[in-house]
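Data block below; observations after.
The values are calculated or read from the model by the stated rules, or taken from the named source; none is laboratory data. Quantities reported herein were computed from a predicted structural model and do not represent experimental measurements. Here the Cβ is made from the backbone with ideal geometry for all residues, glycine too, and neighbour counts use every protein chain on show. These accessible areas exclude ligands, DNA and RNA; they are computed on the full protein's heavy atoms, side chains included. Shrake-Rupley method; radii C 1.70, N 1.55, O 1.52, S 1.80 Å.
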Amino acid sequence: MGLLSDPYRRRALSRLLLRLNTPLCIISFLVGLGWFLGLAFHPFTLRIYMSENAMGSTMVEEHFVHGERALSYAREFAGHKKKAGGMPVAWLEKTMWNLGLEVYKQSFSRTLPFPDEMRERYMVKGTNVYGILRAPRAASTESLVLSVPCSEGQQNNQAVGLMLALASHFRGQIYWAKDIIFLVNEHDLIGMEAWLEAYHDVNVTEVHSSGMLGRAGAIQAAIALELSSDVITSFDVAVEGLNGQLPNLDLVHLFYSFCQKNGLLCTIQGKLQRSDWDSLPAFVHSLQTMLLMVLKQGSGRPQGDHGLFLRYHIEAITLRGINSFRQYKFDMGMVGTTLEGMFRKLNNLLERLHQSYFFYLLPSLSRFVSIGLYMPAFGFLILILVLKALDLWMKLSHYDVEPDDRLCDGDQGPSPVALEEPKPTSLLTLAPPLLICHATGLALYFVPILGQQVATQHFPVSESEAVVLTVIAIYVAGLALPHNTHRVLTGSGSDRGWMTLKLVSLLYLAMQLGCIALINFSLGFLLAVTMVPVAALVQPTGPKYLYAVLLVLVTPAATLLFCIFLYQELIEYPISLLEGWQRFLQAIAEGLLDHHLYGSIVFPFIAIFVYPCWLLLWNVLFWK
């Protein structure tokens, strides 16, 4: 406290911070980026372990031997699906009823905000069919879910067959203490959202459904299954849910443990774990796996039907059977045995999964990075904004600075006369750029959906094309804002004007990134590692055109395009520039649909908060 109250010591501290501000910012960025990259190194990660005592061992004896029955059910389901031209509701009801389940169906419909050209749908109508196996040893107070999406074509036929075979096997066991729900949902995520809303008697996404006639107990955990071949070479697990939510780490470890017990190859992000952890190729492999998880989590899009369960505090994962060119093959019997073991351990739960981690990164299935290890990397990046804001605040507070001292941004400090007789800058001069930038963000959020009909009437484009092109047009139109805002500014020619605006922009950006990192670390980190260095560097003096190019390169749209190419490289499937642009347009459309259909917050966060903040920095650059 004495250091801050003594004016001489305070002046010496301010001079030290001003002199070392730029080196400290560079060091902070390098440390933050290096910290994140080092998280993939084996000694810096933690070995995954089971925290829940009720699931602490895989010592259960599985008895599932109905692999051929699963394939028979799959062939019957495929035939009836082809005959019906969609989901064979009547056949599923009859088959589940014959297995001894309580069978119910739920009809639903949803009108999309604009046509989904990728899946060729606008007015979606479908039916979910589910059967309930009542627990013989307890009241219907808790339940587990095994769900399978009914996809188009030949997709997931084997998954439905295996689910029915498991239902037949489970029906003959007497040790179940929880109800088990076997669900076949139509139209993937839309059908799953309709079923979850009806089950919990809520309506948050404006989907219309016939209601729920039969319910089991409170859902404790769920597993979504996707299988499209009679044999598999590996089992892949998807954990990323809506808005970057992740299931409890114990559920992931449960899957890994039973795969290890049964000798089943298991992967995450489609990548097998390497044994030579101390080699450079193993580090690169772990880094690629972790980056893939960061990119998927940062998108905010559910990577499977399990992603919507997480919103209701239901721990869930999606398991996908992969049939590649590997030598070893596993049949339906092995897959069914693994699922039976997982459900038997979940059946032992005395309470909801809560003891293990909910915030983590996975460089492999046997190692994880906890929130306490990866958050410092983000903190070092945010420290840059704090240091730059502190530098500007000290300048604006009229601390004595020697004439030859330089500001953090490299410009020559104001003269002593300017410090002795400063012209006060009213905060009202910052109101026009703040209001105009945020009005542009609101237009970016509302206009594309509301104006699609007008666009289709005046231009030869479809509704979906009109929405995407309107988003791009409003986004690019923001580049003209500096010329508009300066027309209504008064007294904007002083250095204090842009310094104050930049100070507000840096603190605003730090607050945004800090808040979103608590919800979705990957999204916050991707935005921080691109925007923070340029935000700290930009100013109206110096190489203005270089700053303009850098600002354009770190805009959220450019970050999205870069992430698309990076993702394709990480999955070892590079694409051309034209294909990348098409995927970029597709990603914009899917981001809008995810927000309106499931409640994803990524698009409104970018449109209403991040983009206006970027426009404020653009105003700082072209300050006159």
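Here is how the numbers come out for the structure above:
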| read-out | value |
| --- | --- |
| Complete set of residues in segment 429-459 that are in contact (Cβ under 8 Å) with a residue 60 or more places away in the chain and open to solvent by 60 Å² or more (accessible area, probe 1.4 Å) | Leu442 |
| Matching residues in segment 43-99 - criterion: being of a type in the set (D, E, K, R), under 35 Å from the mean Cα position of the chain (by Cα) and under 20 Å from Met342 (Cβ atoms) | Glu52 |
| Candidate set: segment 55-76, residues that are modelled with pLDDT of 85 or more and of a type in the set (D, E, K, R); chosen: the one least open to solvent (accessible area, probe 1.4 Å) | Glu76 |
| Residue tally, condition in a loop (DSSP other than H, G, I, E, B) and among the small types (Gly, Ala, Ser), over segment 554-611 | 3 |
| Which numbered condition Leu30 misses (of (1) surrounded by 13 or more Cβ atoms within 10 Å (Cβ to Cβ); (2) aliphatic (A, V, I, L, M); (3) at pLDDT 90 or above) | (1) |
| Extreme residue, nearest to the chain's Cα centre (by Cα), among residues of segment 16-26 that are of a type in the set (A, V, I, L, M) and either surrounded by 15 or more Cβ atoms within 10 Å (Cβ to Cβ) or farther than 15 Å from Val534 by Cα (or both) | Leu24 |
| Segment 144-168 residues that are within 18 Å of Ala194 (Cα to Cα) and open to solvent by 10 Å² or more (accessible area, probe 1.4 Å), paired with ones that are of a type in the set (A, V, I, L, M, F, W, C) and in a loop (DSSP other than H, G, I, E, B) (beta carbon under 6 Å, 6 or more apart) | Cys150/Met87 |
| Selection status of Gly79, in a loop (DSSP other than H, G, I, E, B) and modelled with pLDDT of 90 or more | no |
| Those residues of segment 556-597 which are among the polar types (S, T, N, Q), open to solvent by 20 Å² or more (accessible area, probe 1.4 Å) and closer than 24 Å to Met531 by Cα, in sequence order | Gln586 |
| Long-range neighbours under 8 Å by Cβ, at least six apart or interchain, first residue farther than 14 Å from Ala139 by Cα and touching a residue at least 40 places away in the same chain (Cβ under 8 Å) within segment 205-219, second part of a loop (DSSP other than H, G, I, E, B) and not acidic (Asp, Glu) | Thr205/Gly599 |
| Residue tally, condition in contact (Cβ under 8 Å) with a residue 60 or more places away in the chain and part of a helix (DSSP H, G or I), over segment 362-380 | 9 |
| Test for Leu146: is it touching a Lys or Arg at 6+ places or on another chain (Cβ under 9 Å) and at pLDDT 90 or above | no |
| Only listed residue being at pLDDT below 90 and either in contact with a strand residue (DSSP E or B) (Cβ under 9 Å, 6 or more places away or on another chain) or open to solvent by less than 40 Å² (accessible area, probe 1.4 Å) (or both), chosen from Val207, Val237 | Val207 |
| Qualifying residue in segment 210-223 (condition: open to solvent by 10 Å² or more (accessible area, probe 1.4 Å), closer than 30 Å to Arg326 by Cβ and of a type outside the set (S, T, N, Q)) | no |
| Any hit, segment 575-583, residues being on the phi < 0 side of the Ramachandran plot and touching a Ser or Thr at 6+ places or on another chain (Cβ under 8 Å) | no |
| Qualifying positions in segment 34-50 - open to solvent by 60 Å² or more (accessible area, probe 1.4 Å) and out of contact with any Lys or Arg (no Cβ under 7 Å at 6 or more places or on another chain) | Trp35, Leu37, Phe41, Pro43, Phe44, Tyr49 |
| Subset of segment 558-583 (residues that are hydrophobic (A, V, I, L, M, F, W, C) and closer than 18 Å to Pro302 by Cα) | Leu560, Cys563, Ile564 |
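Matching residues to (1) modelled with pLDDT of 85 or more; (2) in a helix (DSSP H, G or I); (3) under 21 Å from Thr440 (Cβ atoms); (4) over 30 Å from the mean Cα position of the chain (by Cα):
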position: Thr470; (1), (2), (3), (4): yes, yes, yes, no
position: Ala477; (1), (2), (3), (4): yes, yes, yes, no
position: Asn484; (1), (2), (3), (4): no, yes, yes, yes
position: Arg496; (1), (2), (3), (4): no, yes, no, yes
position: Val504; (1), (2), (3), (4): yes, yes, yes, no
